[in-house]
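The values are calculated or read from the model by the stated rules, or taken from the named source; none is laboratory data. The structure presented is a predicted model; accordingly, all values stated were derived computationally and were not measured. Cβ placement follows ideal geometry from the backbone for every residue including glycine, while neighbour counts extend to all protein chains displayed.
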Amino acid sequence: MSWVRVRGFGCFVAEFGSGDRTIVLIHGWCSDSTDWVDQISAFACDARVVTLDLRGHGHSERTASGYGSVDLAEDVIAVLDHLGLSDSHLVGHSLGGIIADLVAVRRPDLVRSVLLIDPAYGQPEEWEGRVRAIIGDPASADSAERAAVAADLEPEIHNSVTAARRTRRRLQALALGPGVVWQTFAGMWCGEDAPGLRPQTERAIRERRRPTLCIYAHEPTYTWESHLVDVLGLDTRVELWTGVTHFLHQDDPKQFNDVASAWFEANQAARGAR
């Protein structure tokens with residue numbers, strides 16, 4: 001475990017296991033590397049597993065700015081370059097899904113495959129107005145608390161998550177503080193170039209050059225992406241899992257880990273055969 005200094009901040013990085021393949025785990029908004037405890041133990045038995053805390057999250061240093069999704073993707077690219085990693089299998093959850101997809105599009109030489117868990121991208125353009133309404137005054141004392149709940153943004157996701165998990169998210173958001181919380185939140189969906197909005201997401205999807213597995217827990221964006229990748233004929237598999245929440249890799253770790261391991265194995269073999 002170490003801090004890697006890239007792009008003006010110290011990024012906390014931890015490595016586990018060893019093997020012919022490398023798996024990089026990218027957590028979501030207001031989270032950190034501990035979200036992956038069930039995956040680390042399963043994947044590290046035959047692979048090198050790398051986790052990192054995004055800028056301002058977990059043990060990584062906080063900075064005054066640099067929390068847009070594109071900035072965070074560039075941070076991850078810098079970490080991979082620093083560690084000398086290439087042909088890695090990227091796994092991203094929620095915001096981490098946006099980041100993993102951006103990394104693969106911007107630097108396909110670093111990536112062997114991509115696995116996205118209920119990614120936060122692909123939202124309609126009116127989503128920005130809803131986000132700004134929730135943010136209100138970012139400097140207000142309760143802004144991080146409101147961010148942690150964010151029930152008005154996506155009630156289906158919020159209400160499907162257990163009370164214990166909502167409490168954990170609230171505590172994580174409060175620990176980060178409103179600056180990190182809101183800049184990261186707005187960075188997904190606010191501004192004409194926000195990668196979480198549908199036009200920018202479609203642009204990124206069209207530029208995919210690596211095999212991608214996207215697992216959704218909720219219907220609307222699943223339907224949109226399924227149709228898009230079918231029309232484009234991309235090497236992307238899109239699945240909708242039922243009976244799970246936004247944190248599907250934590251809801252049923254064994255099911256997720258089995259699917260992920262099979263995905264890594266298939267793409268490791270396919271790439272090696274080229």
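Inclusion of S60 among residues that are of a type in the set (S, T, Y), within 19 Å of the chain's Cα centre (by Cα) and under 19 Å from A186 (Cα atoms) is not warranted. Criterion applied to V91, V105 was being surrounded by 23 or more Cβ atoms within 10 Å (Cβ to Cβ) and under 23 Å from R203 (Cβ atoms), and the one residue passing it is V91.
Residue-wise test of (1) among the charged types (D, E, K, R); (2) within 19 Å of Q250 (Cα to Cα).
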{"position": "F9", "(1), (2)": "no, no"}
{"position": "V13", "(1), (2)": "no, no"}
{"position": "I26", "(1), (2)": "no, yes"}
{"position": "I40", "(1), (2)": "no, yes"}
{"position": "D46", "(1), (2)": "yes, no"}
{"position": "G56", "(1), (2)": "no, no"}
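Within region 44-68, residues that are touching a residue at least 40 places away in the same chain (Cβ under 8 Å) sit with their Cβ atoms under 8 Å from residues that are assigned to a strand (DSSP E or B) and small (G, A, S), at 6+ positions apart or across chains, in these pairs: L52/A14; S60/G10; E61/G10. Filtering region 108-136 to residues that are surrounded by fewer than 21 Cβ atoms within 10 Å (Cβ to Cβ) and at pLDDT 95 or above leaves P108, D109, L110. Could you count how many residues in region 14-42 are touching a residue at least 60 places away in the same chain (Cβ under 8 Å) and out of contact with any His (no Cβ under 9 Å at 6 or more places or on another chain)? Of the residues in that region, 2 qualify. How many residues are part of a helix (DSSP H, G or I), surrounded by 14 or more Cβ atoms within 10 Å (Cβ to Cβ) and out of contact with any Ser or Thr (no Cβ under 6 Å at 6 or more places or on another chain) if we restrict to region 245-264? Looking only at that region, the number is 11.
Can you find a residue in region 237-244 that is outside any helix (DSSP H, G or I), of a type in the set (S, T, Y) and in contact with a Ser or Thr (Cβ under 8 Å, 6 or more places away or on another chain)? Among the residues of region 237-244, not one is outside any helix (DSSP H, G or I), of a type in the set (S, T, Y) and in contact with a Ser or Thr (Cβ under 8 Å, 6 or more places away or on another chain), which makes the answer no.
When region 198-220 is limited to residues that are in contact with a Gly (Cβ under 8 Å, 6 or more places away or on another chain) and buried (at least 21 other Cβ atoms within 10 Å of the Cβ), the one that is nearest to I135 (Cα to Cα) turns out to be T201.
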